[in-house]
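Chemist: What follows is a structure written as structure tokens; I'll ask about it next.
Nothing in this text is a laboratory measurement; each read-out follows from the coordinates by a stated rule. These numbers come from a predicted model, not from an experiment. With ideal geometry, Cβ positions are generated from the backbone for all residues, glycine too; neighbour counts draw on all protein chains shown.
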Amino acid sequence: MSSSVQRKRIRKDPAARRAEIVDAAAAVALTEGLECVTLRRIGEELAVRPGLISHYFPSAEDLVAEAFGSAATGELDRLLPAVRPEGSPTRHLSRFLSRTSGEAYDALSRLWINARHLSRYRPVLRDRVERQEADWRDRIDGLIRDGVAAGEFVTDDSLTATVQILVVLDGLGAHANTATPRRPPAVMRMAVTTAERELGLPRGALDPGDD
């Protein structure tokens, strides 16, 4: 005698479902590009109908912007947490710069290039790009200000120093989409060299440590 038990379908909490959708969209954005973030594509990723995705994001443009924002914020929180663990500002800046160099950072570099290009034609994405740029500036500027207050950094204009560092990182990141041969160490070190110069640090002060 056989018996069957009907599996009860569990309805996810709306906040949890929305977060799941955004996480899936951010993953697709990082690996495949923002153009691939569509209601149908994310529905396939989560094995649900596109209609469920559109319930939370009626416009695909909103989902694209949210995917970029989630990926960029998540990476910033990993690279330079808003609430920093123990350690000096010098060590935190050194860690940030070491983590934004090389192949491990290339996926995010490609995402920023992708987002800035598409944002020329997509106002919702443009607003999110501008917001993320401000978040990155504020996070690094805050770290530099802490370093000045602690007597570790010397600068009369922390914001200008921040922008110079970010411009160099953006320039290096622009090579993420090219087949450029391995860059010389002096080129890879350009962001570190810029930060040391602008913050009155001796050469080598921001070289990566064991962490």
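Chemist: How far, in degrees from 0 to 90, does helix 158-173 lean away from the longest principal axis of the Cα atoms of the chain, to the nearest 10?
Modeler: Helix 158-173 sits roughly 60 degrees off the main axis of the chain.
Chemist: Please check: in the Gaussian network model of the chain (C-alpha springs, under 10 Å), which one of 146, 106, 13 has the largest mean-square fluctuation.
Modeler: Judging by the Gaussian network model, the answer is 13.
Chemist: So, one more: What size of dipole, in debye to the nearest 20, comes out for the chain about its Cα centre when the only charges are +1 on Lys and Arg C-beta atoms and -1 on Asp and Glu C-beta atoms?
Modeler: Computed about the Cα centre, the dipole is about 920 debye.
Chemist: Exposed loop sites here are trypsin sites (Lys or Arg not before Pro) in DSSP loop states with at most 14 other C-beta atoms within 10 Å. What is the longest stretch of the chain lacking them?
Modeler: 13-119
Chemist: Towards the positive end of the charge dipole of the chain, with charges on Cβ (+1 Lys, Arg; -1 Asp, Glu), say which of 168, 118, 51 has the farthest Cα.
Modeler: Toward the positive end, the furthest listed residue is 51.
Chemist: Quick one: angle between helix 60-79 and the longest Cα principal axis of the chain, in degrees between 0 and 90, rounded to 10, please.
Modeler: 40
Chemist: Would you mind telling me which residue in 129, 163, 187 has the biggest mean-square fluctuation in a Gaussian network model of the chain, where springs connect alpha carbons within a distance under 10 angstrom?
Modeler: 187
Chemist: Turning to a different aspect of this structure: Relative to the longest principal axis of the chain, what angle (0 to 90°, nearest 10) does the C-alpha long axis of helix 89-99 take?
Modeler: Helix 89-99 sits at roughly 60 degrees to that axis.
Chemist: While we're here: Per-residue ellipticity at 222 nm for the chain, helices alone: DSSP H runs ≥ 4 residues times -39500 (n - 2.57), over residue total, nearest 500 deg cm²/dmol?
Modeler: Helix contribution divided over all residues of the chain: -20500 deg cm²/dmol.
Chemist: By the scheme Lys and Arg +1, Asp and Glu -1, what is the net charge of all other residues having a beta-carbon under 12 Å from that of residue 30?
Modeler: Net of charged neighbours comes to -3.
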